[in-house]
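One structure is given below, encoded as structure tokens.
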Amino acid sequence: VKSEEGFLVLTVALAGTLSAFLSNTAVIAMFIPLIRSIARESKGKIKSRNIVLATGFASTIGGAATMVGSTPQLVAQGILAETEGVRQLGFWEPGILGWPLMVLLVGYMALVGYKQQQKILPGHVSDNPKQEAEEVLHIDRDTPAWKGYLSVLVIILSVIGFALGIWNVGVIA
């Protein structure tokens, strides 16, 4: 890719497509460090602040294109499965809206979105993740240990509850 605009369109299309088949949250979590790394290596030709927001939108829209890309579809499917007389959605049915939205987003970013976001984004966001965490996100580095233990406990209980048939995929999600 020779330009920031080209890189933007590429990442939007790729993140959106991957998000249809993987967790959209996981996809953007993978893309952010990749985008920052490429921005650092580009020596100013690519700025992560110009890429991350649109890639996040693409990840969200792509996640809505299949039954597995995002949690809300799984929750809805769980409700449908428990509702008598109502059919469940097929794997590709959310794509009836999701895929056209992805195409529109890619087209928009390629034609006008890049220029429009230059007008609304802040002047500087660091490509240094530590600096950004400290300056922009204000993340507290001393997270209490109990939060980590609680997270592990919730995951374990979720797996056990699903394996024993206590909860369906929608409830777990």
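Structure notes:
- Residue-by-residue Karplus 3J(HN,Hα) for the stretch 43-50, coefficients 6.51, -1.76, 1.60, Hz, glycine and proline x: 6, x, 5, 10, 10, 4, 4, 7
- Taking each residue as 0.36 nm, the span from Ser37 to Thr71 lengthens on full extension beyond its C-alpha to C-alpha distance by 9.4 nm.
- Label-point gap, in nm, between Ala29 and Ser151 - each point 7 angstrom along Cα→Cβ: 0.8
- Rolling a 1.4 angstrom probe over the stretch 1-94 with all protein chains present gives an accessible area of which 67% lies on carbon and sulfur atoms.
- Area of Ile166 that stays accessible when all protein chains are in place (1.4 Å probe, Å², to 10): 110
- In this structure, Val86 and Ala163 have a Cβ-Cβ separation that, at R0 = 30 Å, corresponds to a calculated FRET efficiency of about 0.70.
- Met102 accessible area, assembled protein chains, probe 1.4 Å, Å²: 10
- Accessible area ranking (1.4 Å probe, heavy atoms, ligands and nucleic acids excluded), largest first, for Ile28, Ile160, Ile96, Ile172: Ile96, Ile160, Ile172, Ile28.
- Ranking Tyr114, Tyr108, Tyr149 by solvent-accessible area of protein heavy atoms (1.4 Å probe, all protein chains present), from largest to smallest, gives Tyr149, Tyr108, Tyr114.
The values are calculated or read from the model by the stated rules, or taken from the named source; none is laboratory data. Just so you know, these numbers come straight off a predicted model, no measurement behind them. Note that we place each Cβ from the backbone using ideal geometry, even for glycine, and neighbour counts take in every protein chain shown. To get the accessible areas, we keep the full protein, side chains included, count just its heavy atoms, and leave off ligands, DNA and RNA. Shrake-Rupley method; radii C 1.70, N 1.55, O 1.52, S 1.80 Å.
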